[in-house]
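Structure, as structure tokens:
Computed from the coordinates by the stated procedures, all read-outs in this text should not be read as laboratory data. Everything numeric in this text was worked out from a predicted model, so none of it was measured. Neighbour counts are summed over all protein chains in view; Cβ atoms, including those assigned to glycine, are modelled from backbone coordinates with ideal geometry.
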Number of protein chains: 2
Amino acid sequence: MAPSLLQRKKKMEKNIKKELHRYFSQFLTKKRQEKIKKNLPKRTRHVAVALEDLYQSGNTSAILRTADALGVQDVHCIEGRNQFDVNNGISLGSAKWLTVDRYRTENNQTNNATQECIESLKNQGYKVVATSPHAVKPLSSLPIEDKTVFLFGTEDQGLTEQAIDLADDSVEIPMYGFVESFNVSVSVALCLYDFTTRLRSSSVAWQLTEEEQLELEIDWMRNSVENADAIERRFFEEMVK
Amino acid sequence: MAPSLLQRKKKMEKNIKKELHRYFSQFLTKKRQEKIKKNLPKRTRHVAVALEDLYQSGNTSAILRTADALGVQDVHCIEGRNQFDVNNGISLGSAKWLTVDRYRTENNQTNNATQECIESLKNQGYKVVATSPHAVKPLSSLPIEDKTVFLFGTEDQGLTEQAIDLADDSVEIPMYGFVESFNVSVSVALCLYDFTTRLRSSSVAWQLTEEEQLELEIDWMRNSVENADAIERRFFEEMVK
């Protein structure tokens, strides 16, 4: 049976991406290419982070840095009263290596953006896990087999009731002191570290697919060169010649 | 054989502490007493933290909060160019539940304070472990049987060469991203979480001794009441009557 039109289209798109990848390669230093090749197979979308309306850019920035360092590709930002904002002195440029999705509410109510984000994550097959000091289940007992997104709330109030209601599950990081909570960037780091450490030594298929890796590699190459837009334009011009 | 003078002195001191403990109890709310009773058996000195010359009080504060939350009692601060400073909005008052030891150098050189701190820790039986992105051993493989202090350096430069040389061992937190390091307060949290989680589920004797618990409980009671000094004075006055 001859390949369908859709199959041929997909194959053509993949070939174009491969060509684009090859074209970009010539503009990257060897060192950067090696770094990309080293990081790519360690990257995961099996676990992600969603932040509900954080207001300190220092926290958001530290979280982006941690996500990149632990190989977690996706950070979802629900913006209510506070907009996504990055302090580069703290994030060390990590934002550009991540996929940051933003959910905004036009009329300045957090709720809609929260719902939009959580529903979108569920549609992508994620189990949404709220982090709360009042949860019963400790972090370390959370199964790693499910595609999981950890949900974190504002610095002072924590998650909204709506977010907790919409979540599929909740966990707590065990605490033994007088303070009632961790700093939010510390909470994120502990959740991701605990989950990814167990994940990486498991047999769960946590890596990106071949196609996801190719797409992300092209994104990272774009980020690694100056005038990426111009380079890409030239590539397509040469292709249609 | 009759008890020696030293034995009798020790016993008397212990009894005084017990009496003082009883005396303080009447000034504490039931809720606070319960919190203290709950936290005390979870507290450990088997693992500690030493910070070399951090300059952002926000980081120091987040670290104190994390140490308290994870039940780690001792934080050692080596002060070189920067003095120990706490931002209470971030630490949430955690400093007063911890034992914070400070090491200063009179003539503004970091080195002496570093040496003084590390030698003191070694004399207390600690294995001093430097954290470094260039270490070979991953955090999770560090044995929990040894009394361990984790050593962390400044936000931009990391540990001094002297600190690394004086340390007994070094570990790295595995990283898979483009950034070369974690935020220092994140590094501390990950090291303490990894170590204490393994420690608490082990058979290692990580708890405070009965006497350490009694002393710490009195300290915590002092922190829990207003005019603790006056209360203590009155106690001794009544005792010698």
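Around A:GLY58, what is the net charge, scoring Lys/Arg as +1 and Asp/Glu as -1 over all other residues with Cβ under 13 Å from its Cβ? Spell out each step's value before the answer.
Values: positive: A:ARG65; negative: A:ASP85, A:GLU155, B:GLU155.
That works out to -2.
Below 12 angstrom from the Cβ of A:ALA135, what's the summed charge of the other residues (Lys, Arg +1; Asp, Glu -1)? Could the numbers behind the result be given before it?
Values: positive: A:LYS137; negative: A:ASP169, A:GLU172.
Spelling it out: positives minus negatives among the neighbours equals -1.
Per-residue mean of foreign Cβ neighbours for A:62-73 is 5 (Cβ atoms of other chains, 10 Å radius).
Computed over the alpha-carbon atoms, region A:40-200 gives an Rg to Rh ratio of 0.93, Rh here being the Kirkwood radius from the mean inverse distance. Set the Cα radius of gyration of region A:1-119 against 2.2 N^0.38 Å, with N its number of residues, and you get 1.37.
Extent along the principal axes, Cα only, for the protein assembly as shown: 103, 50, 39 Å, with the longest axis given first. For region B:138-143, 3J(HN,Hα) computed residue by residue from phi via the Karplus equation (6.51, -1.76, 1.60; θ = phi - 60°) reads x, 2, 5, 9, 5, x Hz, glycine and proline entered as x. Computed from label points 7 Å out along Cα-Cβ, the spacing between B:ALA228 and B:ILE164 is 4.0 nm. Listed by chain and number, the lysines placed with their C-alpha closer than 16 angstrom to that of A:LYS35 are A:LYS96; residues fewer than eight positions away on the same chain are left out. Our Cα-only numbers for region A:91-149 put the radius of gyration and Dmax at 14.5, 39 Å. Averaged over the residues of peptide A:89-102, the number of Cβ atoms from other protein chains lying within 10 Å of each residue's Cβ is 2.
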